[in-house]
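**Student:** One structure follows; several queries about it will come next.
The values are calculated or read from the model by the stated rules, or taken from the named source; none is laboratory data. The structure presented is a predicted model; accordingly, all values stated were derived computationally and were not measured. Cβ coordinates were reconstructed from backbone atoms using ideal geometry, including for glycine residues, and neighbour counts include every protein chain displayed.
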């Protein structure tokens, strides 16, 4: 018994152990008390983006009134959609919108990185529309962007250009510009595997697009635009780690005092750290809610 207590004490002192050394939040491991008057629901709205319709799923939290809302952006092409994370976030009292970029997973139109950036903003605009905010119980003042891999890149740049986004979380974000501008050794498989699942694309076309825009698609350059907002960076032992750490350093250098950095010894998909990932994100969101007084 004494040995176990000492072990727990030591874990609490390990830098970065933080949230993972604690009991997972209730929203991650248990269902909330039923609310028969305002139960959780799920909708499947189509979101207009530049003349095409994106398919989306909207998980609506239980309880009366308007809820803070997460836009959860998947990666390239989005095999991992983090639906377990969406459910935990909803149990914590947040709505969660998961849109599929144009040309991805049945959405109309053509996929490109530039289109995906526009699509992320279109998803935010959908939530802010007064008729949608009322229909889906959304508080448009409390919209948070969370993205995994390429979705983290989309979340970062969209938040940097939209000062009304309350906060942003990046889960092993892929830094598209400098990664593709450099040596693609070991990454060509990413394009070859993803392109067949994305309408209107070829590996060569996507690589050429990223290289043309490399100078403006380095997310580290947008740290200053995020200096006044909470940022969560979750890192894994993957090919994105160096850029993730560089972004955290840039945010802190820019004067951001609300940067949370969590590293996990796992793969890019957090395959054996799913509970840990949910715990970190939910606790961070709960901290945002507590800080806003809501």
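**Student:** Inside the stretch 32-77, can you point out the residues that are in a loop (DSSP other than H, G, I, E, B) and touching a helix residue (DSSP H, G or I) at 6+ places or on another chain (Cβ under 9 Å)?
**Tutor:** Once the filter is applied, which keeps residues that are in a loop (DSSP other than H, G, I, E, B) and touching a helix residue (DSSP H, G or I) at 6+ places or on another chain (Cβ under 9 Å), the stretch 32-77 yields 32, 40, 45, 50, 61, 62, 66, 74, 75, 76, 77.
**Student:** So residue 251 passes all but one of these: (1) surrounded by fewer than 21 Cβ atoms within 10 Å (Cβ to Cβ); (2) modelled with pLDDT of 95 or more. Which condition number does it fail?
**Tutor:** Unmet for residue 251, out of (1) surrounded by fewer than 21 Cβ atoms within 10 Å (Cβ to Cβ); (2) modelled with pLDDT of 95 or more: (1).
**Student:** Answer yes or no as to whether residue 153 is surrounded by 15 or more Cβ atoms within 10 Å (Cβ to Cβ), without any contact (Cβ under 8 Å) to a residue 24 or more places away in the chain and closer than 28 Å to residue 263 by Cβ.
**Tutor:** no
**Student:** For the stretch 252-265, check the following and say yes or no: at least one residue is in contact with a helix residue (DSSP H, G or I) (Cβ under 9 Å, 6 or more places away or on another chain), farther than 23 Å from residue 72 by Cβ and without any contact (Cβ under 8 Å) to a residue 12 or more places away in the chain.
**Tutor:** Within the stretch 252-265, not a single residue is in contact with a helix residue (DSSP H, G or I) (Cβ under 9 Å, 6 or more places away or on another chain), farther than 23 Å from residue 72 by Cβ and without any contact (Cβ under 8 Å) to a residue 12 or more places away in the chain.
**Student:** Now, a different point. Tell me, yes or no, whether the stretch 174-192 has at least one residue that is within 30 Å of residue 61 (Cα to Cα) and within 15 Å of the chain's Cα centre (by Cα).
**Tutor:** yes
**Student:** When you look at residue 184, is it surrounded by fewer than 17 Cβ atoms within 10 Å (Cβ to Cβ), in contact (Cβ under 8 Å) with a residue 12 or more places away in the chain and on the phi < 0 side of the Ramachandran plot, yes or no?
**Tutor:** Yes; evaluated as a whole, the condition is true for this residue.
**Student:** Determine the pairs where a residue that is without any contact (Cβ under 8 Å) to a residue 24 or more places away in the chain, located within the stretch 31-51, has a partner that is surrounded by 10 or more Cβ atoms within 10 Å (Cβ to Cβ) and assigned to a loop (DSSP other than H, G, I, E, B) with Cβ atoms under 6 Å apart, the partner being 6 or more residues away or on another chain.
**Tutor:** Going by the 6 Å Cβ cut-off, the qualifying pairs are 39/62.
**Student:** State all residues of the stretch 213-227 that are surrounded by 14 or more Cβ atoms within 10 Å (Cβ to Cβ) and in a helix (DSSP H, G or I); if no residue qualifies, say none.
**Tutor:** 214, 219, 220, 221, 222, 224, 225, 226
**Student:** Here is a follow-up. Scan the stretch 190-209 and give yes if some residue there is in contact with a strand residue (DSSP E or B) (Cβ under 7 Å, 6 or more places away or on another chain), modelled with pLDDT of 95 or more and closer than 30 Å to residue 108 by Cβ, otherwise no.
**Tutor:** yes
**Student:** Let me ask another. Six or more apart or on different chains, Cβ under 9 Å: which pairs go from a residue in the stretch 225-242 that's at positive phi to one that's part of a loop (DSSP other than H, G, I, E, B)? Could you list them?
**Tutor:** Nothing qualifies.
**Student:** Scan 223, 181, 194 and give me the residue that is touching a helix residue (DSSP H, G or I) at 6+ places or on another chain (Cβ under 9 Å) and closer than 16 Å to residue 152 by Cα.
**Tutor:** 223
**Student:** Do any helices (runs of 4 or more DSSP H) entirely within the stretch 94-196 hold 2 or more residues that are closer than 17 Å to residue 223 by Cα, and if so, which?
**Tutor:** In the stretch 94-196, the matching helices (runs of 4 or more DSSP H) lie at 150-161, 176-181.
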